Structures are given as C-alpha cells and as structure tokens.
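Student: I have a structure here, written as structure tokens, and I will follow up with some questions on it.
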Amino acid sequence: MNYLEAQRLYENSVKILSENQHEKGGFYASPPGTRYPFIYPRDHSMDILGAIDADLMDQARKGLEFMLNAQKPLGEFSQRYDIDGNDASYKDLQIDGNGLILYALGKYFEATGGSFFDKMADKKFIEEYWPVIEKAVGFILMNKNEEVDLIHTVNSIHEYPAYEHGFEMYANCACCAGVLEAVKMGEALGKDVSMWKEEGGKVRNAIMTRLYSPRRRSFIKCIRVKDKSSNPIGYDAFASSVIDVDAVEYAPAYFGLLPDSDVKIKSTVKRIHDNLWDKEIGGLNRYPEHWDRNNGGYGPWCHFTCELANHFINIDQKEMAEMYLGWVVDMAHEYQLPEHISTIERFEMWLEDYTNAKILRDSKMKMIEHVRAHPKWNDGLAYVTIPLIWPHAEYIRTYKNYMNKYG
Amino acid sequence: MIRLENMLPKAFLVGIIEMVDLVGPEKTYHWIEAIGNRLAEIEGPGFEGARDDNINYLPVCPFGNDLVEFIEIYGERPEEYQQLIDFVKDQKEQSEEGWNYPALSSVVGILHHIYSKRRAELAGAKLLNLGSKSPVSETKEYNEQAIARSGISKDEVSGYLDKSFCVSKIEYPEEE
C-alpha cells in the first residue's frame, strides 16, 4: 500500500467530511449539485462515526442533535431529511436508521468517556435526549416479530425490498446494536433498561441462530416476510429465505455483536470474499451481479471494501487488509471516493438493460451524464457519484484502525 | 379481485360511495378531512416524494394501483366520486383562498392533499397543490389560483405532470 497516498486520502477525507456538514448539522450524502443533496440517516450515522474517529467531536455532536431533533412522532427516523430536518422521504420504512442513530449516539457517548470516565462523559447530552432515545427504541421494538424475535423492515442498506423486505441481516444487526447501546447509556444514567436489555438479547440470539446457516457456514441476507405481524410467518405470502451472498452478512461483527475472530464471522467473510471480490477491477461488490439492480453498472463499492479491510485488520491478516485498503487508496481520484466503480462495458450493459425494460428513471439521467463526463471514463472506468461522503467516513475509520495497529 | 388480505383499501373506496349516499358530499368531505388530518398528526411534519428545491412531486401515484383496480372490478367510475369532486371544486371557486384546495383529478386526491397539507403545516410551511394527473384517465387538472400564487408557470407545472402524478409548491412563511 502506498502509505503517503493513504495519508493524503485520510487528510482529504477529514476535509470532505467537515465541508459537507450543513450549518444546521446534517451531513449531506453527496455535495449539493450532485446526486444526493439530502440527509439520509444511514449515511449521516456513518459520517458521525467517521467524525468521532477523526476527533471532530463538535461536528459529531451537532450531527446527532440534527437527527435527534428530526425524529418522527412514533419514534421513527425517516429514509431522508431536507437540510431543515423535515422528513423528505420517498421510500417505505428503513428501520436500520433507528438502530444506526442509537449506535452512533452510543459511540459518541463512549468517545466522550462513557461509563468509565464519568467526569468527561457527555451525560447531559444523553439525558437531554433521553425521551428521544426511549421513543427510538420503542419504535424498533414495535417492529419486532414475537414469533422469531427479529425486527421487520421493508428496505435496508440497499433500499431494495425485493431482497430486503422481511427480517434482514443489516437492519437487525443495526437495530440490535442500537438497542444495546441505548442499554449502556441508560445504565450509565441509572435508568431501568432491563426490558430493553432482555429484548436486545433476544434479537441478538435470533440473529445468531435464525440468520445463520450452519451448512453454508455463513450468515444469510434475509428471511423474506411481507407483514411484520404475520402469525404464523410460515403462511406469509413472501415466506422464503434470501441465501445469496451479500457484503452486509458481515454486519454482526461490524456492529460488535460478535468479535471478528469468531469462526462464524471468519467463514462468512470467506464466502463474501470468494464471491464478491471483483476479479476484473478489484474491490468488493455489494451483492451478486444477477440481482441486476446495478445503477451505473455492476462494480465494487468503496465503503464495503473498507468494512472488510477493518475485519482483516482486526484479525491481524495484514496482507489481506492491505489488499482491501490499498485498493481504496489506489482507486481514489484526486483524493475523492465514489459510491462505486464500474467498467464502461458493465455501465453500458446496465443502461441497455434498464432502457429496454423501460425502468430507467429521469433522476438517473444526471448520474449518467456525470459518469460519462468524469476523467476516469477515459481510463475505461465508470465512477458513480463522486464524492460520496459515506466512503470517506468509512475510510477514516479504517485508516485509523490500520495505523493504530500497523503504523 | 377481492381477497380478505387486500380488502381494506377497497373497503375505504366503497366507504366513500356509501358515505356520499348516506350523508352527502359535504359531510363525506369532512369525514375524509378528519382521516387525513389524524394520519398526518401521527406521522408528523414532512414532505413525501421527490423534490426540486421547493417543488414537491410524486413520480408514482401512491393510491393509483388501488384506485385503478377498484374501478376495474366495480365496472365504472362511481358517480358519487364525481359528486365529491364537484363539491370540492365548488368550494374552491367560492373561497377567497382557492389556492388552499387540491387540484383534483381523482377522489383519492382529497385524502392525499389534506394529509400532505397538514404535514407541511406541521413543518411550518404551506403546500400549494399546483396540479395533478388522474391515474385512471391521465387527465391533468390544475389549481389556477395556486399556480398564480406560486409564481410558477402553468407550462412548468404541466412539464412536471408529464413525469409525475401530483405537483405542489412548498411555501415557507417568508415567501408569503
């Protein structure tokens, strides 16, 4: 890995993160004038985690304030918000947002001192927003199915209900981790959170059993179920399992529900690497090409590549860590990271598929223009949505982890 | 087709017919108004749909599938729906605040407008419904007073309706 370039990418990532926080606190998903000039709780939470690791604690706090003030009456955090914190959703429930906000809040609290460094810990902030935390946990538990102890969602990290509607891996891990962070915060404040602890434990156990396939030796993507309250779920119209490999099957370790050294995680990561490492251009794809929802062309994603780099750092496989992190460093363009990278051939294939199927939305036209106008097009590559802020946050976290271990 | 598991949207669409027959369009309108407002209060402030600055539009008609399917199985567009649409249009014509009413192209637009308008109010804004397009006939309808107040041309509204089913302007207090 080119250490000097890696350092420069880190420095620019911190700059990009800082520059893309609106004065009201929201982190843009991508800068105004590009594809996603809104605040998405999922991206926003990751940006907060990146800010914490970059020691931008004021920005992290401001980001949390923005989102905690934008909670909906039932306790939900929406798919996306405008810069004023108004719900601007256009998609159905994405419950991982609730888990992610709680998880980021918990990590902020921990970074300020948590329950170990009492005097430094920002307890005042947690106390101030405790009613919001209670509602956020309440909303997660409202969507828990009592038959299987898993959280139901319509969309998750890929915003793709065809593979995510039901009890989905990422959403369950995010929500479980969020509830368990709320438990830690509550305990530090002397609140009675025993019920949350019990419910969070049930969800964790269900992830370890119902969303793990011993014969495949891998976590799986999703148990498809249409309705949260289907009882019994075996009679639900969608009842089936999604067993295709997906990068987010690593989520139990990403959210700290299992250590990276756990054999279930290691064998799951092996399956992810074997199936999703891009053999042509390197980097990690998010799911199999045949799902064919490959906006901008099938190809590897920078933030999922960073996530697995973290795994290899955590289990001390330096060579693999360097292969993953080094790829991200190599693919940065002027120290900026795109959402994902494709080839011209795959880009044109996607365009043909979507044009023929008449499913190419107007909103994609701007993205197509940008991809073709980007300098990397002349190198045979399609850079889709650059910069996207999330991979910069993820890179900050991974680079810091790498340097702490090997620097 | 009707199955128990998909009966509720159809029950609401039949309910509108029954209510108009039972108590007339005015009370039916207020019944729908109460439903829309109550649901908006539960959901809270916000603007659902796609956005170009302060223009809010819906590329997909949220009630379109249910309405189209219902009219197919009902056999015709119920005349009670037209009575209700005519009632709202009369109210709009008579009101000094005609801009505050929906540009109605179908009966379900009443619920949609009241719900969206209330959510906008909760966010401290007014929602001017500039135009809509029927999911059944694709006919475009406009609210001329809302268009005049918005400062957006009717051609531009029509352009949005070419790619969507409902277009509104979000008006913040400083713009009034």
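Read-outs: derived from the displayed coordinates by stated rules, not from any lab. Since we're looking at a predicted model, the values are computed, not measured. Ideal geometry is used to build each Cβ from the backbone, glycine not excepted, and the neighbour counts take in all protein chains shown.
Student: Condition first: among the hydroxyl-bearing types (Ser, Thr, Tyr) and in contact with a helix residue (DSSP H, G or I) (Cβ under 6 Å, 6 or more places away or on another chain). Now tell me which residues in region B:47-84 satisfy that.
Tutor: B:TYR57 - this is the single residue of region B:47-84 that is among the hydroxyl-bearing types (Ser, Thr, Tyr) and in contact with a helix residue (DSSP H, G or I) (Cβ under 6 Å, 6 or more places away or on another chain).
Student: Please pick out the residue among A:ILE396, A:ILE368 that is in a helix (DSSP H, G or I), among the aliphatic types (A, V, I, L, M) and under 18 Å from A:LEU4 (Cα atoms).
Tutor: So the residue among A:ILE396, A:ILE368 that is in a helix (DSSP H, G or I), among the aliphatic types (A, V, I, L, M) and under 18 Å from A:LEU4 (Cα atoms) is A:ILE396.
Student: Working carefully through the options B:SER132, B:SER116, find the one that is in contact (Cβ under 8 Å) with a residue 40 or more places away in the chain and not aromatic (Phe, Trp, Tyr).
Tutor: Result of the check over B:SER132, B:SER116: B:SER116.
Student: Further, regarding this structure: Does B:GLY151 satisfy the condition of being more than 14 Å from the chain's Cα centre (by Cα) and either of a type in the set (S, T, N, Q) or within 14 Å of another protein chain (Cβ to nearest Cβ) (or both)?
Tutor: No, not satisfied.
Student: Which ones in region B:124-148 are within 16 Å of B:GLY159 (Cα to Cα) and basic (Lys, Arg)?
Tutor: Answer for region B:124-148, where residues must be within 16 Å of B:GLY159 (Cα to Cα) and basic (Lys, Arg): B:LYS133, B:LYS140.
Student: Hey, among the residues in region B:41-58 that are aliphatic (A, V, I, L, M) and facing another protein chain (nearest Cβ under 10 Å), which one's nearest to the chain's Cα centre (by Cα)?
Tutor: B:LEU58
Student: Taking the conditions exactly as written (part of a helix (DSSP H, G or I) and of a type in the set (Gly, Ala, Ser)), does A:GLY106 satisfy them or not?
Tutor: yes
Student: Another one. Go through (1) in contact with a Ser or Thr (Cβ under 7 Å, 6 or more places away or on another chain); (2) away from chain B (no Cβ under 14 Å); (3) of a type in the set (Ser, Thr, Tyr) for A:SER156 and report which single condition fails.
Tutor: It fails just one condition, (1).
Student: Out of (1) surrounded by 15 or more Cβ atoms within 10 Å (Cβ to Cβ); (2) free of Cβ contacts under 8 Å to residues at least 60 places away in the same chain; (3) more than 24 Å from A:ILE39 (Cβ to Cβ); (4) away from every other protein chain (no Cβ under 14 Å), what's the single condition that is false for A:PHE304?
Tutor: (3)
Student: Then there is this: Go through (1) within 21 Å of B:VAL60 (Cβ to Cβ); (2) of a type in the set (S, T, N, Q); (3) at the interface with chain B (Cβ under 10 Å from one of its Cβ atoms); (4) touching a residue at least 24 places away in the same chain (Cβ under 8 Å) and name the single condition A:GLN71 misses.
Tutor: The one condition A:GLN71 does not meet is (1).
Student: Kindly list the number of the only condition in (1) in a loop (DSSP other than H, G, I, E, B); (2) in contact with a Gly (Cβ under 8 Å, 6 or more places away or on another chain) that fails for B:GLU48.
Tutor: The failed condition is (2).
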